[in-house]
Amino acid sequence: MRAATGCERSILPAIHRMKFKLRIPRRQLGDWAVRYGAAMNDSVPDTLGSKARARGHLTRAEFLAMAHWKSPRTQPRCASNPENFIKSVTSVALTTTDERLAIEVLTLLDGVSWPTASVVLHFCSPRQYPILDFRALWSLSCDAEPADYNFELWWRYVNTTREMAETFGVSMRTVDRALWAYSKENQPKN
């Protein structure tokens, strides 16, 4: 039996019962989102995402740029995907109403795991999706490892961040930036 992750230990052992606990004081969410801007530049994926959303799929060049933005080390594997396959897979992801299919179909692309798939949905989908990242999870008191990433974890994370965006009256991008920036400055180094 594998050890429970931090987000599981805090509530109950089953992933489907887990709840996230925000480490950031609610009133500081906007301040932390602003701090993100100094650390990262997301204008490229944001621009590419708008184009892909309008078109209904990513081009190969757009896909490679987004994947590089999230994880440069995956570039060789991502580059092995042919243009038509990228178009077909991203078309399904951006047009389906099935949220599980939207995220999981993207993992069919070589070099794409849950975090990179979440970047595509975050910037390209008309629906609100967060970026799955160890930093953002830490800011929600969850220390799940990449090997723990699956649809149940991702779906809980999506619903938690959607609720935060609605409750705080901010965009998903603001929530995502705040979670990442807070961790960057506060998460202990291992």
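The values are calculated or read from the model by the stated rules, or taken from the named source; none is laboratory data. Keep in mind that what you see is a predicted model, and the values were worked out from it rather than measured. Virtual Cβ from ideal backbone geometry, glycine too; neighbours counted across all protein chains shown.
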Evaluate the following for L29: is it modelled with pLDDT of 85 or more, of a type outside the set (K, R), assigned to a helix (DSSP H, G or I) and closer than 23 Å to K184 by Cβ?
yes
Close pairs from segment 97-118: first at positive phi, partner surrounded by fewer than 16 Cβ atoms within 10 Å (Cβ to Cβ), Cβ under 7 Å, at least 6 apart:
G111/R77
With segment 53-124 as the region, which helices (runs of 4 or more DSSP H) entirely inside it contain at least 3 residues that are touching a Lys or Arg at 6+ places or on another chain (Cβ under 7 Å) and surrounded by 19 or more Cβ atoms within 10 Å (Cβ to Cβ)?
114-124
Filter segment 135-173 down to the residues that are surrounded by 15 or more Cβ atoms within 10 Å (Cβ to Cβ), part of a loop (DSSP other than H, G, I, E, B) and small (G, A, S), then identify the one that is modelled with the lowest pLDDT.
A144
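Within segment 19-77, which residues are of a type in the set (V, I, T) and either within 16 Å of the chain's Cα centre (by Cα) or within 15 Å of V119 (Cβ to Cβ) (or both)?
Within segment 19-77, the subset of a type in the set (V, I, T) is 24, 34, 44, 47, 59, 74.
Within segment 19-77, V44, T47, T74 qualify.
Can you name the residue in segment 92-106 that is among the β-branched types (V, I, T) and over 14 Å from the mean Cα position of the chain (by Cα) and, of all such residues, is nearest to F151 (Cα to Cα)? Walk me through it before giving the result.
First, the residues of segment 92-106 that are among the β-branched types (V, I, T): 92, 95-97, 103, 105.
Now narrow it down to the ones that are over 14 Å from the mean Cα position of the chain (by Cα): 92, 95-97, 105.
Values: V92: 17, T95: 19, T96: 16, T97: 16, V105: 12 Å.
Ranking the candidates gives V105 first.
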